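The values are calculated or read from the model by the stated rules, or taken from the named source; none is laboratory data. Note that the structure is predicted; figures quoted are calculated from it, not measured. A quick note on method: Cβ atoms are made from the backbone with ideal geometry, for glycine too, and the neighbour counts reach across all protein chains shown.
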Amino acid sequence: MKLQAVILAASLVVLGASGCAVTSGQSSVGEYVDDAALTASVKAKLAEDQTVSASRISVESMKGVVQLSGFATSAAEKQRAVELTRSTKGVRRVDDSIQIQPKTN
């Protein structure tokens, strides 16, 4: 239930901020909404996982292809983010551009 609430809230924020504008590469408003919902679902999964710093990883989606970018503190964190993304319903492919940047004290 908590995951559904997070997904719904994230979807509303994304849709409200964008005004449902269709971007380059998207053929319809419906496709844009699908991409926004997919992005929200992936972000929610990353945020719920204790081993992934979701605030350091960006998520973009287009036509079921999810682009991950940003920074992970370890190879294990990077791999976990990719695994969580791949396990999300609707993801056709994951393009991983996450860089590893260990924590500095």
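See the values below:
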{"quantity": "Residue among Val91, Val59 that is in a loop (DSSP other than H, G, I, E, B), modelled with pLDDT of 95 or more and either in contact with a Gly (Cβ under 6 Å, 6 or more places away or on another chain) or not polar (S, T, N, Q) (or both)", "calculated": "Val91"}
{"quantity": "Candidates Ser53, Ser61, Ser74 - the one that is of a type in the set (Ser, Thr, Tyr) and closer than 14 Å to Val91 by Cα", "calculated": "Ser61"}
{"quantity": "Condition broken by Ala36, with the remaining ones in (1) at pLDDT 95 or above; (2) in a helix (DSSP H, G or I); (3) within 10 Å of the chain's Cα centre (by Cα) satisfied", "calculated": "(1)"}
{"quantity": "One residue from Glu83, Glu31 being over 9 Å from the mean Cα position of the chain (by Cα), modelled with pLDDT of 95 or more and either in a helix (DSSP H, G or I) or hydrophobic (A, V, I, L, M, F, W, C) (or both)", "calculated": "Glu83"}
{"quantity": "Of the criteria (1) closer than 18 Å to Ser97 by Cα; (2) at pLDDT 95 or above, which one Ala44 fails", "calculated": "(1)"}
{"quantity": "Residue pairs meeting the criteria (Cβ under 6 Å; at least 6 apart or on separate chains; first free of Cβ contacts under 8 Å to residues at least 24 places away in the same chain and at negative phi, in region 40-65; second assigned to a strand (DSSP E or B) and surrounded by fewer than 21 Cβ atoms within 10 Å (Cβ to Cβ))", "calculated": "Arg56/Gly70; Arg56/Phe71; Ser58/Ser69; Ser58/Gly70; Glu60/Gln67"}
{"quantity": "Unique residue being surrounded by fewer than 15 Cβ atoms within 10 Å (Cβ to Cβ) and touching a helix residue (DSSP H, G or I) at 6+ places or on another chain (Cβ under 9 Å) when the list is Ser69, Ser97, Ser61, Ser55", "calculated": "Ser55"}
